[in-house]
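To start, the structure itself, in structure tokens.
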């Protein structure tokens, strides 16, 4: 099966499972890139049409067979987190999941979304954070990777520091502004290559300013949208782009049971699950986690951070 056909098939399968979402995380309605992120900000397109419209970059989402470090550092310990070797022509590598037979590990990832222009909404009382979710992950002792925007870290510096100094978590980069790195992407305003590269640096700077130390050189494209130009723009950032293979459907969901069922139906050994750490955009995620975690543990799964999956 060719790469483009495989990615289109994956896109169609994931899109069919997505819940409709509303404007709220940096954009209006879009028309393509389905099967990537269930992004708060636009209704998902129908599966067949969106799959045809999705970009198919020549550097595909890869498994972790080419990690440049042999093992993940222990949580909170010094050491360089593992990254993947650059792709063809030096493009930024892309990671989706591992495919290690018999190793029942799964990484739960949470996008802490906030756009550069949502300050007035936060000042008006809208909650882009979810401290109860973080508390539940701590209580259940679930190692997790938080893909944080720089704007979120600026709005909630105390929480960013608390998450970024807790060995249970690692903070990865979800851009500063949550603007698109390629277009079209769910109606998000797009950045040119130079602005995209600077946006990544600005997010890492916001984490440092907040006092977060458990940061890793991983990046998640806003909306999950990327192409070769975007991968080329980030090539000097020395990051590994991280996608996913399981869409939780938590964006604007109202039924935590349905979110849990969707995750449980999709998880395989080595899976990366995309969820959200934003109350306004994903209000039932914490309740869903209370169902997902014990059931996966009952099935023999062990929760790990993305760094451990890449380190394999």
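Here are some notes:
Here is a yes/no grid of residues against (1) free of Cβ contacts under 8 Å to residues at least 12 places away in the same chain; (2) in a strand (DSSP E or B); (3) surrounded by 13 or more Cβ atoms within 10 Å (Cβ to Cβ); (4) touching a helix residue (DSSP H, G or I) at 6+ places or on another chain (Cβ under 6 Å):
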{"residue": "82", "(1), (2), (3), (4)": "no, no, yes, yes"}
{"residue": "86", "(1), (2), (3), (4)": "no, no, yes, no"}
{"residue": "107", "(1), (2), (3), (4)": "no, yes, yes, yes"}
{"residue": "137", "(1), (2), (3), (4)": "no, no, yes, no"}
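- Top-ranked residue in segment 162-200 [being in contact with a helix residue (DSSP H, G or I) (Cβ under 7 Å, 6 or more places away or on another chain) and on the phi > 0 side of the Ramachandran plot; ranked as surrounded by the most Cβ atoms within 10 Å (Cβ to Cβ)]: 186
- Filtered by the rule that a residue be in contact with a strand residue (DSSP E or B) (Cβ under 7 Å, 6 or more places away or on another chain) and assigned to a helix (DSSP H, G or I), segment 244-263 gives a lone residue, 263.
- Looking across segment 178-230, just one residue is assigned to a strand (DSSP E or B), without any contact (Cβ under 8 Å) to a residue 60 or more places away in the chain and farther than 18 Å from residue 109 by Cα, and that is 190.
- Residues within segment 109-131 that are surrounded by 18 or more Cβ atoms within 10 Å (Cβ to Cβ) and on the phi > 0 side of the Ramachandran plot, tallied: 0
- Residues within segment 109-135 that are under 17 Å from the mean Cα position of the chain (by Cα) and part of a loop (DSSP other than H, G, I, E, B), tallied: 6
- Residues within segment 264-294 that are part of a loop (DSSP other than H, G, I, E, B) and either without any contact (Cβ under 8 Å) to a residue 40 or more places away in the chain or crowded, with 24+ Cβ neighbours inside 10 Å (or both), tallied: 6
- Test: residue in segment 282-297 that is over 18 Å from residue 142 (Cα atoms) and touching a strand residue (DSSP E or B) at 6+ places or on another chain (Cβ under 9 Å): yes
- Boolean, residue 141 is in a helix (DSSP H, G or I), more than 23 Å from residue 223 (Cα to Cα) and either touching a residue at least 12 places away in the same chain (Cβ under 8 Å) or in contact with a strand residue (DSSP E or B) (Cβ under 7 Å, 6 or more places away or on another chain) (or both): no
- Filtered residues of segment 235-252 (kept if in contact (Cβ under 8 Å) with a residue 40 or more places away in the chain and surrounded by fewer than 24 Cβ atoms within 10 Å (Cβ to Cβ)): 235, 237, 238, 239, 243, 245, 252
- Verdict on residue 241 being assigned to a strand (DSSP E or B) and under 14 Å from the mean Cα position of the chain (by Cα): yes
- Residues that are part of a helix (DSSP H, G or I), over 15 Å from the mean Cα position of the chain (by Cα) and at pLDDT 95 or above, drawn from segment 295-312: 295, 296, 297, 298, 308
The values are calculated or read from the model by the stated rules, or taken from the named source; none is laboratory data. No experiment lies behind these values; they were computed from the predicted model shown. With ideal geometry, Cβ positions are generated from the backbone for all residues, glycine too; neighbour counts draw on all protein chains shown.
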